[in-house]
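First the structure, in the form of structure tokens, and then the observations on it.
Every read-out reported here was derived from the displayed coordinates using simple, explicitly stated rules and does not represent laboratory data. Keep in mind the model is a prediction, meaning the values are calculated, not measured. Virtual Cβ from ideal backbone geometry, glycine too; neighbours counted across all protein chains shown.
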Amino acid sequence: MWVDAFFFYLFAAVTLTGAVLTITRRNAVHSAMSLILSLIGVAGLFLLQRAEFLFAVQIVLYVGGIMVLFLFVIMLVNLDQAARMRQFSGQWWLALACVLAILAEMVYVLNRGSRAFQLAAPATAPEGGNVEQVADVLFKQYLVPFELASILLLAAIVGSVIMARKRV
Amino acid sequence: MLYPITPTHYLVLGAALLAIGTIGVLARRNIVIILMAIELILNAVNINLIAFSHHLGQVHGQVFAIFVITVAVAEAAVGLGILIALFRNRETVQADEINLLKW
């Protein structure tokens, strides 16, 4: 299906463009907007692979929740001075060289091993919609991790409130 | 090589996103942008999980992606709380100016 390929390359381009803009912009608000673009691209990739529930979670939680939190903090913290200062730390070229070497190695190994991914014939789609399948697995096989995740969120709520309180 | 979309395409995209996020974490000075780069890294992980979940025809990868998103939310909330406390005490958001523990 060439439509799949077209949308894959479209969303991949959106994701990578947004990511590069995120780490290069001087103004933090522009960075946050670029990150929203990148997250929407990732959501499109989820939809392309029939993960409809995660698509909705990505839009509602990341774009609607986390990014609003980021924008609030950018507005609270005065970043005007920071935007006028040097943006990259001294060892940026070292970081760039190391990361590019690791990326080249990863792409090489993935290309070499790409035949190993033909594990089986692409499995037949299970019964029911995506949300039913996710709920079935989540609440039957992963119930204890699910409860632990709720405890983690409770701890994060208490921790962030204590951190942001007036008198620490 | 370019045309039928295989899991390898998604894995290469995930690797590229991970590299961009790592450069952001290592090279930027602004802590807010470092936290955004961490979100990019976690999204690269999610792309890989969903690619294998789709390829194998089961939803365990999507459940793991939900847990990754949970951890990302907790990390962002606590990290931004720490950032506000830090800015109140030190009046700076540059990562290399916060060096009290360095000698």
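Observations
- Alpha-carbon Debye profile of chain B, log10 I(q)/I(0) at 0.11, 0.12, 0.20 Å⁻¹: -0.46, -0.53, -1.01
- Sites A:Met85 and A:Val63, calculated FRET efficiency, Cβ-Cβ separation with R0 35 Å, nearest 0.05: 0.75
- Normalised by the number of residues in chain B, the average gap of Cα pairs under 8 Å and 6 or more apart makes the relative contact order 27 percent.
- The ranking of A:Asp136, A:Asp80, B:Asp96 by Cβ neighbour count inside 10 Å, starting from the fewest, reads A:Asp80, B:Asp96, A:Asp136.
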